[in-house]
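Down below is the structure, laid out as structure tokens.
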Amino acid sequence: MLFYSTKKNAPKVDLKTAVLRGLAPDSGLYMPEKIHTCVSSFIDSLGDLSFQEIAYEVASTILQGSIDKDVLQKIVYETVDFPAPHVRLADNLYALELFHGPSLAFKDFGGRFMARLMAHFVKDSEETLHILVATSGDTGGAVAMGFLDVPGIEVTILYPSEKVSAYQEKQMTTLGRNIRAFEVKGVFDDCQAIVKQAFQDDELRSRINMTSANSINISRLIPQTFYYFWSYAQLKDKSKPVVMSVPSGNFGNITAGLMAKKMGLPIDKFIASVNANDVFTKYLNDGNFTAKDSIATISNAMDVGNPSNLSRIQDIYENSLSDLSKDVLSWSYSDEETINALKDLLGKYHYVSDPHGAVAYLGLEKFIKENPSYQGIFQITAHPSKFLDVVQGAIEREVEVPTRLKSLVDKDKQSTIINSDYSSFRNAFLKAINS
Ligand SMILES: *Cc1c(COP(=O)(O)O)cnc(C)c1O
């Protein structure tokens, strides 16, 4: 299987190159040349299979022999070694919990798969591979935990000082070993700008082997297809059409869902549920895509004004907006509506959600009201305790913090504080990797 660039101005590459490069040389995103359909006996027997078995079959179908079978199986089984419970809230209403991995957010799927795949590809290399990643919060923890103790790889995380939650910061700064954190005196955009500039710094690149772990990497997308199949497999009654609501920011998650559909998974409709950052909703409505500056909300992992995966979605639908609109709907919700949804979920279903899951619930609720013949699933992408203040403020009761997160409080933060200009980063980075 080869991978092409969505800008179609770069050569097709193999899996290893696509994964280690991240972004194509024409700055497009890599996609598999062809999305193969699963054999129908697999779809029919989904209900009898474990999450790991499903994940391995799906990965094999996408990758078509690009990597040795046994290696792939080991990577997949290690990636999904935590559950994704499918919680029934009412007739035809389910919450898919994707936050049971080490960093308590769904980004663990991508982070763990990418780390293991990269480790496999660099295992015979003499040179250390440096991963640079800018984070606004959740990605840092998932990437750090995914790569912890992977031989031959060092991770450098850049996060905006005082702009991430206390728990998120601890997840990135207390691991040590092959994980280092730079605390940037600026905002997320400054962190991202530094990472971009580092990749354009030919002098730096000639000296060290670097790659990026941000969400455009195809290896983060592939494992996100797994839980769509798993979730569908849990439905007892397959006669009713299925709708899945996905809380969306950079649109990697929903892109994986649309790939799953293209592979033959019978999910009828997808809802891209978004917060005030509604550029995709507008695009579906009038066909014009205009990137905007992001707006800060209480579901901050979805505060994205220029979702990078749009080009992948357009390619899946061969640029036909009318075909895309048949499968995907999108609605935008305010913080106030999100807070009311958190209250509603507790009052009606005794369910405590995080703010991103609450946005997904709102989209699903609207769809089901208009289409009562459907059964619906909404995704919960983070554990509510990761957004403790927002959730506790909304539901007016205490949220239980898992031991995994609580135990971080006593650990010492280790970070290097740097200014937001590129040379501050460059000096600190070179000093750190040479020491
Ligand atoms: C990253 C993130 C999202 C958005 O996912 P995309 O793939 O970028 O659309 C939603 N919820 C949480 C908790 C996240 O961390």
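Which residues in region 338-364 place their backbone N less than 14 Å from a point set 7 Å from the Cα of Ile295 along the Cα-to-Cβ direction?
338
Once you keep just the Cα pairs under 8 angstrom separated by 6 or more residues, what percentage relative contact order results for the chain?
Over the chain, the number comes to 18 percent.
Measure off 7 Å from each Cα along the Cα-to-Cβ vector at Glu318 and Gln392, then give the distance between these two points in nanometres to one decimal.
Inter-label distance under the simple model: 5.4 nm.
If you place +1 on the Cβ of every Lys and Arg and -1 on the Cβ of every Asp and Glu, how big does the dipole about the Cα centre of region 133-179 come out, in debye to the nearest 20?
The dipole magnitude comes to about 40 debye.
For Cα pairs less than 8 Å apart in space and 6+ apart in sequence, what is the mean separation divided by the residue count of region 221-314, i.e. the relative contact order in percent?
Once divided by the residue count of region 221-314, the mean separation gives 30 percent.
Pop a pseudo-label 7 angstrom from the Cα along the beta-carbon direction at both Ile433 and Lys236 and give the gap in nm to one decimal.
5.5 nm
Would you kindly derive the ³J(HN,Hα) couplings of region 304-321 from the backbone phi angles with the Karplus curve 6.51 cos²θ - 1.76 cosθ + 1.60 (θ = phi - 60°), listing them in order in whole Hz, with x for Gly and Pro?
Here the 3J(HN,Hα) series is 10, x, 8, x, 6, 7, 4, 5, 5, 4, 4, 5, 4, 9, 6, 6, 9, 5 Hz.
With the dipole of region 103-196 worked out from charges on the C-beta (+1 for Lys and Arg, -1 for Asp and Glu) around the Cα centre, which of Pro151, Gly141, Ile194 lies farthest toward the positive end?
Gly141
What ranking do 12-19, 178-185 get when scored by the average of other Cβ atoms within 10 Å per residue, highest first?
Descending packing order for the listed peptides: 178-185, 12-19.
So, by mean Cβ neighbours within 10 angstrom, what's the order for 111-123, 260-272 with the highest one leading?
Put in order of decreasing packing, that is 111-123, 260-272.
How much length is gained if the chain between Ser41 and Glu337 is pulled fully straight, taking 0.36 nm per residue apart and subtracting their Cα-Cα distance, in nm to one decimal?
Working it through step by step, the gained length comes to 102.3 nm.
Restricting to DSSP H runs of at least four residues, report the calculated mean residue ellipticity at 222 nm for the chain, -39500 (n - 2.57) per run over all residues, nearest 500 deg cm²/dmol.
Taken over the chain, the calculation gives -12500 deg cm²/dmol.
Starting from the 7 Å offset along Cα-to-Cβ, what nm value, one decimal, do you get for the label separation of Glu400 and Ser27?
Placing both labels 7 Å beyond Cα along the Cβ direction yields 4.8 nm.
Taking a cut-off of 17 Å between Cα atoms, list the lysines near Lys366, but don't count ones fewer than 8 places away on the same chain.
Within reach: Lys269, Lys326, Lys343, Lys348.
Can you grab the distance from the C-alpha centre of region 332-375 to the C-alpha centre of region 48-79, Å, no decimals?
Cα centres, region 332-375 to region 48-79: 33 Å.
Quick one: length gained pulling Asp48 to Asn209 fully straight, 0.36 nm per residue minus the C-alpha distance?
53.6 nm
I need to check one value: relative contact order of region 1-45, counting alpha carbon pairs closer than 8 Å and at least 6 residues apart, in percent.
Taking the mean separation of contacting Cα pairs over the length of region 1-45, I get 40 percent.
Values in this text are rule-based calculations from the coordinates and carry no lab data. Keep in mind the model is a prediction, meaning the values are calculated, not measured. Methodologically, a virtual Cβ is constructed for each residue, glycine included, from the backbone with ideal geometry; neighbour enumeration extends over all protein chains shown.
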